[in-house]
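Beneath this line is the structure, given in C-alpha cells, with notes to follow.
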Amino acid sequence: MTTIAIIGAGRGLGAAVARKFGDEGFDVALISRSQDRVDALAADLTDQGIRARGYAASVRDPVALVAALNRASQELSPIEVVQYSPIPQPEFLRPVLETTLADLTAAVEFFLYGPVTAVNHVLPQMRTLGRGTVLFVNGGSGARPNPRVAGTSAAFAAEGAYATMLHDVLAADNIHIGQLIIPGAIRPGHPFNDPTVLADTLWAMHSNRDTFRVFTENLDS
C-alpha cells in the first residue's frame with residue numbers, strides 16, 4: 001500500500017480526491033495549516049473505511065512541510081502521489097498595479113518554493129518505489145496571465161515552468177508530472193468543475209500518465 005499526500009486539503013477538492021484515491025486503495029495524508037480541520041476530515045474518511053491522517057503545515061514553512069511529509073510516510077506508507085493544490089490567499093488575487101513586492105514574494109513562496117520543497121522530499125521515496133505522480137492544480141491564470149489576479153498569474157507561471165521541467169526529466173524514472181487547469185471556480189454541480197468530477201480527472205491523470213496539462217474547460221468559456 002502507498003500514500004497520496006494532498007497538500008492544501010480541504011472539504012471541497014481535497015476531500016473528493018481523498019475519497020477517490022482512498023477507494024482505489026491508497027492511504028491518505030491530508031496536509032493543511034489547520035490541524036483541527038484535517039483531523040476532522042481524516043475522521044470522516046476513516047468512518048468511510050479509508051486509512052487517513054491529518055498533518056498541520058504551512059506551505060510557506062519548508063521545515064514544517066517536510067516534517068509533515070516525513071510523518072505521513074512513517075505513520076502511513078511510502079508516498080507515491082502528491083497533489084499540490086493549496087487555495088490562493090486574497091493578496092495573490094489583486095490587480096497588477098495594486099500588487100506589492102510582498103504580495104509577489106508570498107505568492108512565489110506559496111506556489112514555487114512549496115512545491116520544490118515537497119518534490120525534493122518525496123522523490124527518493126518515489127524512486128525507491130519505482131513509480132510516482134505529482135499533480136499540480138491551478139486556476140486559469142496558470143495558463144493565461146490575468147492582470148486582475150497578478151499574484152497567481154506570476155506564481156502559477158513559475159510553478160508551471162517548474163512542473164514542465166520535472167515532467168521532462170522524470171519520465172525516465174517512471175515518475176509522472178501533471179498539471180490540471182481549472183478555469184473559474186470549483187463549483188458543486190458543475191459538469192466539469194464539481195469536486196467529484198475533478199477527483200475523477202485527477203485519478204485519470206495519475207493512472208493514464210499520458211498527458212501533462214489538462215484543462216477542465218476552455219479558457220474562453
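The numbers here are math on the coordinates, done by the rules we state, and not lab data. Here the structure is a predicted model, which is why all the values come from computation and not from measurement. So basically every Cβ, Gly included, is an ideal-geometry build from the backbone, and we count neighbours across all protein chains shown.
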Between rounded, prolate and oblate, where does the range 123-221 land on the alpha carbon gyration tensor, with a ≥ b ≥ c its root eigenvalues, rounded for a/c under 1.5, else prolate if a/b exceeds b/c? oblate
Could you rank the peptides 137-146, 44-53 by their average count of other C-beta atoms within 10 Å per residue, with the highest value first? 137-146, 44-53
Residue exposure sequence - Thr133, Thr152 - by fewest surrounding Cβ within 10 Å: Thr133, Thr152
Could you state the angle between the C-alpha long axis of helix 114-129 and the longest principal axis of the C-alpha atoms of the chain, as a value from 0 to 90 degrees rounded to the nearest 10? 30 degrees
Once the Cα gyration tensor of the chain is found, what semi-axes does its equivalent ellipsoid get, as square roots of 5 times the eigenvalues, in whole Å, sorted largest first? 25, 19, 18
